[in-house]
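Participant: Below you'll find the structure I mean.
The values are calculated or read from the model by the stated rules, or taken from the named source; none is laboratory data. Everything quoted here is computed from the prediction, not taken from an experiment. Cβ coordinates were reconstructed from backbone atoms using ideal geometry, including for glycine residues, and neighbour counts include every protein chain displayed. The area values use the complete protein model at the heavy-atom level, side chains included, leaving out ligands, DNA and RNA. Shrake-Rupley method; radii C 1.70, N 1.55, O 1.52, S 1.80 Å.
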Amino acid sequence: MTKYDFKAVLKVIFIGDPAVGKTSIVKRYVMGEFTKEYISTIGVDIYSLKDDIEIEGKKIQLAWQIWDLAGHPMWYEIRSATYRGAHAAIVVYDVTRRETYEHVLNWLEEFMKGAGKRPIVLVANKIDMRRKVKTVSKREGNKLKRIIEKNIGIPVEFVETSALTGVNIPEVFRNVAYLLLKDVVSGGNE
């Protein structure tokens, strides 16, 4: 039996425009699968997963509550009701669709109205398409990260992913856990 230094339940919210890959990222992490068929999320899908991670040498058992929110405007009321009690947001854009990148600040504003200032992980998805089409660059993603940190005053991590190939999917969740738990595991000295 594994001894844990800490146990935590984390509610994280996935937000972003429709078809940026929010559900694909969640399913890749939770179920280890990818489906090419696009099925729009209706309202909200909730996933749960127990996960063991290590932060600064401390073993942590996490119980993830992952809320995958529909990106269509007609689901605004449902989305706004789900933000309460969220510990962090994962905002996703599609590197092949610049408008999804340009909408990130709007998504964060909506999230913060319901949840307050919470840690953010900014995710640039579909990097596997970089060789095929013109895309939003990694440099632009890092620039947006800095803008969010400066304008909103919250910690932000930036990760480029491919739900199709699985590249960096675990890092998204490790970054969320780190942002939320780093002070706890270090004894609050930061």
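Participant: Does I148 qualify as being open to solvent by less than 20 Å² (accessible area, probe 1.4 Å) and modelled with pLDDT under 95?
Facilitator: Values: open to solvent by less than 20 Å² (accessible area, probe 1.4 Å): yes; modelled with pLDDT under 95: no.
So I148 does not fit the description; no.
This table checks each residue for (1) at pLDDT 95 or above; (2) assigned to a strand (DSSP E or B).
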residue	(1), (2)
D52	no, yes
W64	yes, yes
W75	no, no
R79	no, no
I90	yes, yes
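Participant: Quick test for you: out of V156, V176, V184, V133, pick the one residue that is open to solvent by 50 Å² or more (accessible area, probe 1.4 Å), out of contact with any His (no Cβ under 6 Å at 6 or more places or on another chain) and within 30 Å of K59 (Cβ to Cβ). Steps first, please.
Facilitator: On the way: V156 fails: open to solvent by 50 Å² or more (accessible area, probe 1.4 Å); V176 fails: open to solvent by 50 Å² or more (accessible area, probe 1.4 Å); V133 fails: within 30 Å of K59 (Cβ to Cβ).
Answer to the check: V184.
Participant: Hey, does region 80-92 have a residue that's out of contact with any helix residue (DSSP H, G or I) (no Cβ under 9 Å at 6 or more places or on another chain) and crowded, with 18+ Cβ neighbours inside 10 Å?
Facilitator: From region 80-92, those out of contact with any helix residue (DSSP H, G or I) (no Cβ under 9 Å at 6 or more places or on another chain) are none; that's our starting set.
Scanning region 80-92, I find no residue that is out of contact with any helix residue (DSSP H, G or I) (no Cβ under 9 Å at 6 or more places or on another chain) and crowded, with 18+ Cβ neighbours inside 10 Å, so the answer is no.
Participant: Hey, any hits in region 169-184 for a residue that's in a loop (DSSP other than H, G, I, E, B) and not basic (K, R)? Give the steps one after another, and end with the answer.
Facilitator: Step one: filter region 169-184 for residues in a loop (DSSP other than H, G, I, E, B), giving none.
Within region 169-184, none of the residues are in a loop (DSSP other than H, G, I, E, B) and not basic (K, R).
Participant: Got at least one residue in region 9-19 being in a strand (DSSP E or B), under 23 Å from M129 (Cβ atoms) and out of contact with any Lys or Arg (no Cβ under 6 Å at 6 or more places or on another chain)?
Facilitator: Kept after step one, since they are in a strand (DSSP E or B), are these residues of region 9-19: 9-15.
Add one more test, that the residue is under 23 Å from M129 (Cβ atoms), and what stays is 14-15.
Within this subset, residues satisfying the condition of being out of contact with any Lys or Arg (no Cβ under 6 Å at 6 or more places or on another chain) are 15.
Yes - at least one qualifying residue is present in region 9-19.
Participant: Could you please tell me which pairs satisfy a Cβ distance under 9 Å, a separation of 6+ or placement on different chains, a first residue in region 116-136 that is farther than 14 Å from I90 by Cα, and a second residue that is of a type in the set (A, V, I, L, M, F, W, C) and assigned to a helix (DSSP H, G or I)?
Facilitator: So the pair list comes out as T135/I127; T135/M129; V136/L144.
Participant: In region 97-111, what residues are surrounded by 14 or more Cβ atoms within 10 Å (Cβ to Cβ), in contact with a Phe, Trp or Tyr (Cβ under 9 Å, 6 or more places away or on another chain) and not aromatic (F, W, Y)?
Facilitator: T100, H103, V104, E110
Participant: Let me ask something else about it. I'm checking my understanding of the structure. Among residues of region 20-55 that are within 19 Å of N175 (Cβ to Cβ) and among the basic types (K, R), which one is surrounded by the most Cβ atoms within 10 Å (Cβ to Cβ)?
Facilitator: Ranking the qualifying residues of region 20-55, first place goes to K22.
Participant: Among the candidates E99, E110, which residue alone is of a type in the set (D, E), modelled with pLDDT of 90 or more and within 26 Å of K132 (Cα to Cα)? Let's see the steps before the verdict.
Facilitator: Working: E110 fails: within 26 Å of K132 (Cα to Cα).
E99 is the lone residue from the list that is of a type in the set (D, E), modelled with pLDDT of 90 or more and within 26 Å of K132 (Cα to Cα).
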